[in-house]
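J.: If you scroll down you'll find the structure; I have some questions about it.
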Amino acid sequence: MAPNVWMQHKNGRMHAKEARLHRISGEVEPETDLPEEIQKTHQYCSTCQIHISHGDWSAHANGRRHKRGQEYIAYTMAQNEAEKDKNDVGIQGDLDFSIVEPNVAKQGVTKSIEVRLTAPLTKVTLVSVQLSANIGSSRKRIQSPYVLSPPT
């Protein structure tokens, strides 16, 4: 179980209630080695970081929480891949605009990046640059109409 998930669980109302009911301390660490009986009847979902009984696995794997977890993992992996240097060309700089208030957007927000070559003799022509975002829910994602292109 991920540390942040465990902390939320451990500090939760139900955990404290169960600890009081059994007259034990709620300050415990998660079990890393599950009893063999549970291992025989449950499967670990690394996406959701929980154990699911074999009978409930199909419903869990098709459930909304699990699918959202898979989407998040796929997004994170794609983002990590996009941040890697490609063909000896890399970009450095912070492009996180966070949330831009409308009055600030009217004036414009400036960010600087550096395009660098990892192979010194590489010849590259920068044809175009675009900054855009996808908006909407995971079911109905659309390309933002706001695409920024620097002057050429």
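The values are calculated or read from the model by the stated rules, or taken from the named source; none is laboratory data. Remember, it's a predicted structure, so these values are computed and weren't measured experimentally. Here the Cβ positions follow ideal geometry from the backbone for every residue, glycine too, while neighbour counts run over all protein chains shown.
J.: Give all pairs with beta carbons closer than 7 Å in which a residue from the stretch 34-60 that is within 21 Å of Ala74 (Cα to Cα) and in the same structural domain as Ile73 (by TED's automatic domain parsing) meets a residue that is exposed (fewer than 12 other Cβ atoms within 10 Å of the Cβ) and among the small types (Gly, Ala, Ser); count only pairs at least 6 apart in sequence or on separate chains.
T.: Gln49/Ala2
J.: Would you be able to say whether some residue in the stretch 76-86 is surrounded by 11 or more Cβ atoms within 10 Å (Cβ to Cβ), of a type in the set (A, V, I, L, M, F, W, C) and either at negative phi or not assigned by TED's automatic domain parsing to the domain that holds Gln43 (or both)?
T.: No; the residues of the stretch 76-86 include none that is surrounded by 11 or more Cβ atoms within 10 Å (Cβ to Cβ), of a type in the set (A, V, I, L, M, F, W, C) and either at negative phi or not assigned by TED's automatic domain parsing to the domain that holds Gln43 (or both).
J.: I would also like to ask the following. Can you confirm whether Thr125 is surrounded by 10 or more Cβ atoms within 10 Å (Cβ to Cβ) and β-branched (Val, Ile, Thr)?
T.: Considered against the rule, which asks whether it is surrounded by 10 or more Cβ atoms within 10 Å (Cβ to Cβ) and β-branched (Val, Ile, Thr), Thr125 comes out as no.
J.: Still on this structure, I have one more. Take Gly26 and tell me if it is modelled with pLDDT of 85 or more and either part of a helix (DSSP H, G or I) or surrounded by 10 or more Cβ atoms within 10 Å (Cβ to Cβ) (or both).
T.: Judged against the criteria, Gly26 is not a match.
J.: Moving to a separate point now. Can we say Val5 is of a type in the set (Val, Ile, Thr) and modelled with pLDDT under 80?
T.: In short, yes.
J.: In addition: Identify the residue in the stretch 54-105 that is in contact with a strand residue (DSSP E or B) (Cβ under 9 Å, 6 or more places away or on another chain) and in a loop (DSSP other than H, G, I, E, B) and, among all such residues, is farthest from Leu121 (Cα to Cα).
T.: Result: Phe97.
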